[in-house]
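The values are calculated or read from the model by the stated rules, or taken from the named source; none is laboratory data. It should be emphasised that the depicted structure is a prediction, and the values quoted were computed from it without experimental measurement. Glycine also receives a Cβ, built like all others from the backbone with ideal geometry; neighbour counts cover every protein chain displayed. Note: areas computed on protein heavy atoms with side chains; ligands, DNA, RNA excluded. Shrake-Rupley method; radii C 1.70, N 1.55, O 1.52, S 1.80 Å.
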Amino acid sequence: MIRGIHHLAIATLDLKRTAAFYVDLFGCEVISDWGWQVGTDVADQITALHDCSAHSVMLRKGNAYIELFEYTSPEPGPGDPARRVCDPGLTHLCFDVTDLDAEYERLVAAGMTFHCPPQLVAPNVRTTYGRDPDGNVVELQEVLDETHRIAVPWLPERGLAGE
């Protein structure tokens with residue numbers, strides 16, 4: 001039985017910089033910090049790479065996790081910091097927020113770039129897209145009605161209340 005989504009994984013060229021972005025600006029918590037060296041057969045099998053090695057951190061925010069990887073072997077190709085959201089692949093990571101305008105202003109002041117200011121995209125739903133240090137699109141979304149069908153079902157009894 002598939003119960004839900006546990007985490008999203010992002011490969012980065014600078015793990016320290018990208019982790020700091022999500023920890024310092026989004027309040028994610030580092031849950032684990034680990035890696036593996038060349039010759040780790042199970043890592044080669046899982047990734048379908050040969051002689052791979054990497055450093056990774058798992059971050060947590062509310063009810064979701066983000067896993068960041070910096071591969072040291074094989075050498076990663078160049079990323080595209082301006083990758084279009086219409087191109088195949090992961091299009092964005094979305095953070096549920098309250099007071100979208102304040103979060104937008106705080107992140108702009110911290111140097112994060114955005115495609116546009118917050119927009120009303122549906123009744124009771126406002127959003128904007130910005131970029132992390134590697135050019136991955138990060139969405140900030142505010143659902144103004146907690147009964148809306150896409151509102152995050154926070155579970156205070158499980159310690160997952162909005163932070």
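Observations on the model:
- Length available on full extension from E75 to L8: 0.36 nm per residue minus the Cα-Cα distance, which gives 21.9 nm.
- Residue-normalised accessible area of the stretch 1-123, expressed per residue, 1.4 Å probe, Å²: 64 Å²
- With contributions of -39500 (n - 2.57) from each DSSP H run of at least four residues, the per-residue ellipticity at 222 nm computed over the chain stands at -3500 deg cm²/dmol.
- Contour excess over end-to-end distance, with Cα ends at Q45 and T98 and 0.36 nm allotted per residue: 14.9 nm
- Between 0 and 90°, nearest 10: helix 100-109 axis offset from the chain longest Cα axis: 50 degrees
- Dipole magnitude for the chain: computed about the Cα centre from +1 point charges on Lys and Arg Cβ and -1 point charges on Asp and Glu Cβ, it is near 240 debye.
- Net charge of neighbours whose Cβ lies under 11 Å from the Cβ of L144, counting Lys and Arg as +1 and Asp and Glu as -1: -3
- Summed residue charge, Cβ within 13 Å of V125's Cβ, Lys/Arg positive, Asp/Glu negative: -3
- DSSP loop trypsin sites (Lys or Arg not before Pro) with at most 15 other Cβ within 10 Å: longest gap in the chain: 4-83
- Rounded to the nearest whole Hz, the Karplus-based 3J(HN,Hα) values (6.51 cos²θ - 1.76 cosθ + 1.60, θ = phi - 60°) of the stretch 76-89 follow the sequence x, x, x, x, 10, x, 10, 3, 6, 5, 8, 6, x, x, with x at glycine and proline.
- FRET efficiency for V125 and I31, using Cβ-Cβ distance with R0 set to 45 Å, rounded to 0.05: 0.95
- Cα-based shape type of the chain, given that a ≥ b ≥ c are square roots of the gyration tensor eigenvalues and the cut on a/c is 1.5: prolate
- With all pairs of different C-alpha atoms in the average, the Kirkwood value for the hydrodynamic radius of the stretch 20-74 is 12.1 Å.
- Note on V85 and C116: their simple-model spin labels are 0.9 nm apart, each label 7 Å out from Cα toward Cβ.
- Nonlocal amide H pairs with T72, under 5 Å, H built at 1.01 Å: S53, A54, H55
- Rounded to the nearest whole Hz, the Karplus-based 3J(HN,Hα) values (6.51 cos²θ - 1.76 cosθ + 1.60, θ = phi - 60°) of the stretch 126-137 follow the sequence 10, 7, 7, 10, x, 10, 7, x, 9, x, 5, 7, with x at glycine and proline.
- All C-alpha to C-alpha distances of the stretch 49-145, sorted into 5 Å bins beginning at zero, yield P(r) values of 3, 11, 18, 20, 20, 14, 7, 4, 3, 1, 0 percent in whole numbers.
- Residue by residue, the stretch 19-36 carries 3J(HN,Hα) couplings of 4, 4, 4, 6, 6, 6, 8, 10, x, 5, 10, 6, 8, 8, 9, 7, x, 8 Hz when phi is fed to the Karplus relation 6.51 cos²θ - 1.76 cosθ + 1.60 (θ = phi - 60°); x denotes Gly or Pro.
- Of the accessible area of the stretch 47-163, computed with a 1.4 Å probe over protein heavy atoms only, carbon and sulfur atoms account for 54 percent.
- Spatially, the stretch 36-79 and the stretch 109-152 are offset by 28 Å when compared through their Cα centroids.
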